[in-house]
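Notes follow once the structure below has been shown.
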Amino acid sequence: MATNMDIFPWNNSFATGIDLIDEQHKQLLFLINKLAIHTASDDNQETLQDVIQELSDYVEYHFRAEEEIMLGCFDDDPAAQGHLESHHEFEAQIQGFKLEIKEKPAQEVMHEALAFLVSWLVLHILDTDAWMTKVVCHVQQGVELEAAKKLADEEMEGPTR
C-alpha cells in the first residue's frame, strides 16, 4: 500500500495494538502520502477532488469502526465524548475542503489539507487514539475503566507523549 515515496512511512510509533485500527490508520497514512506527493508535483483540481473524496470515504468507515471499539469501553465517559467531537470536527474539515476546491486554487487547498492531516496525525492518532486504545486494551483485559485510564496516562508519560 506504499506510494512511490512515503513522506510519512508507517512505523511502530503509529501502532495502537488494535489490528483493525492500525490497518485503517495505515490507509490514512497512504492518503496523506498521496496528497503530499500531489502537492509537490501536481496542481490538478481533479486529482485533489479524488483524494478529498477518498478521505471522505475513509472517514465513513474508519470513524464508525473506531468509535464502535472505543465507545464500547468508555460508554458516556467525557473522554469518549471529546473523541467523538474531534471526529465530527475532522468530518467538517474534510467537507470544508470539498467546498474550497470550487473556490480556491487546487494547490492552495492541497497545502491546507496536508497541513491539517499532518496535525491530525500528530495530535489525534499519536496522542488521543494512542491513549484511548491503551485504555481499551486494559479494559479488555479486565481492568476497571478509571484504573485503565490511569495506566494509560502512565504509559503515555515522558517520551511517548
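The values are calculated or read from the model by the stated rules, or taken from the named source; none is laboratory data. Quick caveat: nothing in here was measured; it's all calculated off a predicted structure. For neighbour counting, all protein chains shown are included, and Cβ atoms are generated from backbone atoms with ideal geometry for every residue, glycine included. What goes into the accessible areas is simple: the full protein's heavy atoms, side chains included, and nothing from ligands, DNA or RNA. Shrake-Rupley method; radii C 1.70, N 1.55, O 1.52, S 1.80 Å.
A few notes on this one:
- On the basis of the beta-carbon distance and an R0 of 22 Å, residue 53 and residue 8 show a calculated FRET efficiency of 0.60.
- Ligands, DNA and RNA left out, the accessible area of the stretch 36-126 computed with a 1.4 Å probe is 53% carbon and sulfur.
- 122, 143, 135, reordered so the largest accessible area comes first (probe 1.4 Å): 122, 143, 135
- Listed residues 115, 15, 36, most fluctuating in the chain (Gaussian network, C-alpha, under 10 Å): 115
- Measuring nothing but how far apart in sequence close Cα pairs (under 8 Å, 6+ apart) lie, relative to its length, the chain scores a relative contact order of 28 percent.
- Every pair of different Cα atoms in the chain enters the Kirkwood calculation, which places the hydrodynamic radius at 16.6 Å.
- All lysines inside 24 Å of residue 149 as judged from Cα atoms, apart from same-chain residues fewer than 8 positions distant: 134
- Counted residue by residue at 0.36 nm each, then reduced by the alpha carbon distance between them, the extension gain from residue 61 to residue 95 reaches 10.7 nm.
- Amide N of the stretch 68-96 lying under 11 Å from the label point, which is placed 7 angstrom from the Cα of residue 116 along Cα→Cβ: 89-96
- Tensor-based shape of the stretch 1-60 (alpha-carbon gyration tensor, a/c under 1.5 rounded, otherwise prolate or oblate): oblate
- Surface per residue (accessible, 1.4 Å probe) for the chain, Å²: 52 Å²
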